[in-house]
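Undergrad: Got a structure here, written out as structure tokens. Questions coming.
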Amino acid sequence: MKIGRREFLKFIGLAVAGVALDPLASVIRNQNYFVNQKLGFGFIVPDAWEVEAFGDFDYLRGKQRLSSFDSEFEREVVEELSDGLAAIIKKYPGKDSDRFSPSITFFMSPNDVLEEFKSLDDFVDHSVSVFESVLTAYECIEPPSRINATNFEAIRFKATFLFEHDYIDSLYIDDETWIINHGGTLYTLHMYDSPYNNEDTSKEFIGFKESLHIA
């Protein structure tokens, strides 16, 4: 993971090298390179994975069954998740898939999201509490810990929960989460797989994290 304008511009150069692409385009996709210049991030898509169409997110999210709680709270949580979505990368693309797909979701939150919290640690603790409320059997298997960095702050944790869906058999999945604070903007990565169901994609996740660039 590299954060900073200089490294981001270098990544754009790699993305357009050797092909007739407009380096000023808002979104660049060349082979496995994906860059969103408007939002200021880029990454390398794992081999054979796809960047999902954003329009499918509400559909996919709506078919996931959440734990029982106040309906107004559920609506607000789902809206917050949808509003900040910047990218979805899936191993098995397509909204009509009848099996769980290992995936990576990338969110960007407004600059003022941290104002009501004392620190990034406080925000992460709140996020974990929300996940415990809306996801069945949610449990942190690797508690939040800070990532050593010089020009940004980040916290990582890993959890497991029971994934319940209208069209897919229920199964336990792992969620490795990174929450990054860079210049007041929060970037949240969720990396989902299910090693309990022979869907261990840890190598793909490592490659993705190493390729992620944020301006």
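The values are calculated or read from the model by the stated rules, or taken from the named source; none is laboratory data. Treat the numbers as computed from the prediction; the structure is a model and nothing was measured. We place every Cβ from the backbone using ideal geometry, glycine too, and count neighbours over all the protein chains shown. Areas reflect the complete protein model, heavy atoms only, side chains present, ligands, DNA and RNA absent. Shrake-Rupley method; radii C 1.70, N 1.55, O 1.52, S 1.80 Å.
Undergrad: Whole angstrom only: what separates the Cα centroid of the stretch 1-50 from the Cα centroid of the stretch 142-215?
TA: Comparing the Cα centres of the stretch 1-50 and the stretch 142-215, I get a distance of 21 Å.
Undergrad: Reported to two decimal places, what Rg/Rh ratio describes the stretch 148-204 when computed on Cα atoms with Rh from the Kirkwood expression?
TA: On the way: Rg = 14.4 Å, Rh = 13.0 Å.
Over the Cα atoms of the stretch 148-204, Rg/Rh equals 1.10.
Undergrad: Give the calculated FRET efficiency between E132 and D169 to the nearest 0.05, with a Förster radius of 30 Å applied to their Cβ-Cβ distance.
TA: 0.85
Undergrad: Here's a follow-up. Report the accessible area of M1, computed with a 1.4 Å probe over the heavy atoms of all protein chains in place, in Å² rounded to the nearest 10.
TA: Answer for M1: close to 60 Å² accessible.
Undergrad: If you don't mind, there's one more thing I want to ask. Can you give the FRET efficiency to the nearest 0.05 for Y92 and E210, using r as the Cβ-Cβ distance and R₀ = 30 Å? Before the final figure, lay out the partial values.
TA: Details: r = 23 Å, r/R0 = 0.76.
In this case the efficiency is close to 0.85.
Undergrad: Further question: At 1.4 Å probe size, what's the solvent-accessible area of L14? Round to the nearest 10 Å².
TA: 100
Undergrad: Work out, step by step, the length gained on full extension between S26 and E153: first 0.36 nm times the residue separation, then minus their alpha carbon distance; give nm to one decimal.
TA: Going from the current span to full extension adds 43.0 nm.
Undergrad: Ignoring ligands, DNA and RNA, what percent of the accessible area of the stretch 142-215 is carbon or sulfur (1.4 Å)?
TA: 47
Undergrad: In addition: Taking 0.36 nm per residue of sequence separation and subtracting the Cα-Cα distance, how much length would be gained by fully extending the chain between A48 and K203, in nm to one decimal?
TA: 54.4 nm
Undergrad: In the full protein assembly as shown, how much of R5 is accessible to a 1.4 Å probe, in Å² to the nearest 10?
TA: Per-residue accessible area (R5): approximately 130 Å².
Undergrad: Of V134, V16, which has the most accessible area with a 1.4 Å probe, and how do the rest follow in descending order? Could you put the intermediate results ahead of the total?
TA: On the way: V134 5, V16 25 Å².
Ranked from most to least accessible, the order is V16, V134.
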